[in-house]
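Shown next, in structure tokens, is the structure this report addresses.
The values are calculated or read from the model by the stated rules, or taken from the named source; none is laboratory data. Because the structure is predicted, anything quoted here is derived from the model rather than measured. Quick reminder, even Gly has a Cβ in these numbers, built from the backbone with ideal geometry, and neighbours come from all protein chains shown.
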Amino acid sequence: MRTFSKKTVAVSRFLRPSFVQRGVQYFFLVMYVYIGARFYLYAQWAMGNRAEYTARPPATEAFLPISALMAAKRLLLTGQYDQIHPAGLTIFLFAITSALFLRKGFCGYLCPIGTISMFLARLGKRLGISRRPGKIASAILSAPKYFLLLFFAYIVLYKMGAPEIDAFLRTRYNMVADTKMLLFFLHPGAPLLTALAVLLLGGMVFPAFWCRGLCPYGALLGLFSWLSPVAVRRDEDSCTTCRRCTHACPSRIVVHEKKRISGPECLGCLACVDVCPEKDCLTLRLGYTKKSPHLPNLILALGTVLLLCLFLAWAHVTDKWQNHIPPEILKLNHANIEQIQHP
């Protein structure tokens, strides 16, 4: 009986939302490192620094969200799918879809910046420099990303029409934008190093500093996640206002004061549910009312990964993942890449 109990405890520990979240994050972080290494080899070949050809990993296009936003608008206006960075558009559509149905699962489980932010938050806590901003300070910290989102929305969604977007997507700059970004980080100047130092320190002092305050992609997904039918609901009758949920929330949401945790800052990580000592006080629900049915805690993590797999399968079947630009054209576009400027 004792052995069975120990096994039961071990299994329940592995099924805790926080443990599952970390497992998913670590798995994808390893994948990103592998993809990054492959892309570095491709870039070295494309720039003529390496003789052996390495195929360009399409997943790197996930780091071109502005190009994907333009491609998404052109898709809505003309029905044309981007042929330059098709994987970027596919990942963008996946992220929007996951936010609509599974909250900010992309941010909470798949984004490497989110995983790094988690590491920084833990380090800041161990060093004793982590701080919890109040409501006003939190609002101020969260504001910049919405201004950035508004700026990009104004330029892309309002100012640019289909002809202008099509012209930009076909530019040489857009074709090598991923390599330009790689070079930007491989050869950092003083401004970039200063900005990185501020972000690293900020991430240790204020958990999720980049995600909460500066990421326009996260701001966009947060607005879509507001509509999601899936959210954590708090039972006011069983809540003892112990505030463990609030202290555990990486986005610093005041969970113990809310009935439904559905705001744009919620990552869907279920850290609040994980630490709640009261049975069924915090539960994941499908719907917008108090009587909405319960959902398994693992549905957000597993659902996000499953949805990603479905999008990847669809993209491969419909040829919306890999571009078909010949290697010789790719190499030609990379000639004198340092001189290529944003149009």
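Take the residues in region 315-330 that are in contact (Cβ under 8 Å) with a residue 12 or more places away in the chain and not in a loop (DSSP other than H, G, I, E, B); name whichever of them is farthest from Val255 (Cα to Cα). Looking at the filtered set, the residue picked out is Pro327. Of the conditions (1) in a helix (DSSP H, G or I); (2) over 15 Å from the mean Cα position of the chain (by Cα), Arg132 clears all except one; give me its number. (1) is the only condition that Arg132 fails. Residues satisfying the criterion are present in region 327-338 (criterion: of a type outside the set (D, E, K, R), modelled with pLDDT of 90 or more and either touching a Phe, Trp or Tyr at 6+ places or on another chain (Cβ under 7 Å) or within 30 Å of Arg212 (Cα to Cα) (or both)).
Residues in region 141-161 include none that are part of a helix (DSSP H, G or I), free of Cβ contacts under 8 Å to residues at least 60 places away in the same chain, more than 23 Å from Leu221 (Cβ to Cβ) and in the same structural domain as Tyr81 (by TED's automatic domain parsing). Restricting Arg16, Arg2, Arg50, Arg22 to residues that are modelled with pLDDT under 95 and surrounded by fewer than 12 Cβ atoms within 10 Å (Cβ to Cβ) narrows the list to Arg2. Out of the residues in region 77-125 meeting the condition of being hydroxyl-bearing (Ser, Thr, Tyr) and in a helix (DSSP H, G or I), tell me which one is farthest from Thr304 (Cα to Cα). Restricting to residues being hydroxyl-bearing (Ser, Thr, Tyr) and in a helix (DSSP H, G or I), the top hit is Thr78. If you check Cys269, Cys242 for being in contact with a Pro (Cβ under 7 Å, 6 or more places away or on another chain), surrounded by 14 or more Cβ atoms within 10 Å (Cβ to Cβ), without any contact (Cβ under 8 Å) to a residue 40 or more places away in the chain and not acidic (Asp, Glu), only one passes: Cys242.
Evaluating Val254 against the criteria (1) crowded, with 18+ Cβ neighbours inside 10 Å; (2) farther than 22 Å from Phe119 by Cβ; (3) not assigned by TED's automatic domain parsing to the domain that holds Ala99 leaves one unmet condition, (1). Among the residues of region 177-207, those that are part of a loop (DSSP other than H, G, I, E, B) and touching a Leu at 6+ places or on another chain (Cβ under 9 Å) comprise Pro188, Phe206, Pro207.
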